[in-house]
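Participant: Before I ask anything, let me first share the structure, which is written out below as structure tokens.
The values are calculated or read from the model by the stated rules, or taken from the named source; none is laboratory data. Here the structure is a predicted model, which is why all the values come from computation and not from measurement. Methodologically, a virtual Cβ is constructed for each residue, glycine included, from the backbone with ideal geometry; neighbour enumeration extends over all protein chains shown.
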Amino acid sequence: MNNKLILLIEDEVVLANNYRQILEYSGFDVFVVHAAEDGLNFCKNVKPDLVLCDIMLGDMDGYGFLAQFKAMGHHDVPFLFLTAMSDNINLRKGMLLGADDYLTKPISAKDLVDSINSRIQRNSQLSKNLSDKLQYYVNAIALKDDSLRKVAFNESHKIRGPLTTIMAIVTLIDSSPLDEESTLLFQKLMPLCNQLDAVIHESVQYIEAANL
């Protein structure tokens, strides 16, 4: 089983190393950057399973990173902010941008790991629920499509049966003595019957192939 990948964005090197050691010890793969721009460059090629981002960064704040991160299409990646108690945080702004939670520094190793595990598990469950629902609709559509093919198949045979009888009657009458006008009519009727029979035959072949 592959380890979950955490992108950690923290400009304080000592703190970043501490968090990395805690998370790696807990079984996560951790990629550390100290600037938001480096984090964005990393996410151009790699999709992390969770982002842990400090709000107060040197090149841009965490809100700016979050907005650009989501703009890259990573809407389903859990995003946790790291914030010091003295930071002037804007909870509403963060949540509107797509943040999942705020973790206040200093944070214990247990609380850090528990918060990350909780978010990853929740995200995995949401993904599974979405996948199950999508599969349900796919199966429902396939079942409906199969039912429609069966109806079309049955109806084609209902049409072909009477047509075969009509063609037999036309052939029988055509072999009998007829006046000139009747002969002309039957000569026109038989090709039309053959043409309709060919159309039904092609339709049946298509439906039978679709049912394979």
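Participant: Of the conditions (1) free of Cβ contacts under 8 Å to residues at least 40 places away in the same chain; (2) in contact with a His (Cβ under 6 Å, 6 or more places away or on another chain); (3) not hydroxyl-bearing (Ser, Thr, Tyr), Asp11 clears all except one; give me its number.
Facilitator: Evaluating Asp11 over (1) free of Cβ contacts under 8 Å to residues at least 40 places away in the same chain; (2) in contact with a His (Cβ under 6 Å, 6 or more places away or on another chain); (3) not hydroxyl-bearing (Ser, Thr, Tyr) leaves (1) as the failure.
Participant: Let me ask you something else. Please return the ranges of strands (runs of 3 or more DSSP E) entirely within the range 1-97 where 1 or more residues are among the acidic types (Asp, Glu), buried (at least 21 other Cβ atoms within 10 Å of the Cβ) and on the phi < 0 side of the Ramachandran plot.
Facilitator: Strands (runs of 3 or more DSSP E) meeting the threshold: 50-54.
Participant: Taking the range 1-23 only, how many residues are farther than 15 Å from Pro106 by Cα, modelled with pLDDT under 95, among the hydrophobic types (A, V, I, L, M, F, W, C) and in contact with a strand residue (DSSP E or B) (Cβ under 9 Å, 6 or more places away or on another chain)?
Facilitator: So the count comes out to 0.
Participant: Quick one: in the range 98-121, of everything that is part of a loop (DSSP other than H, G, I, E, B) and small (Gly, Ala, Ser), which residue is modelled with the lowest pLDDT?
Facilitator: That would be Gly98.
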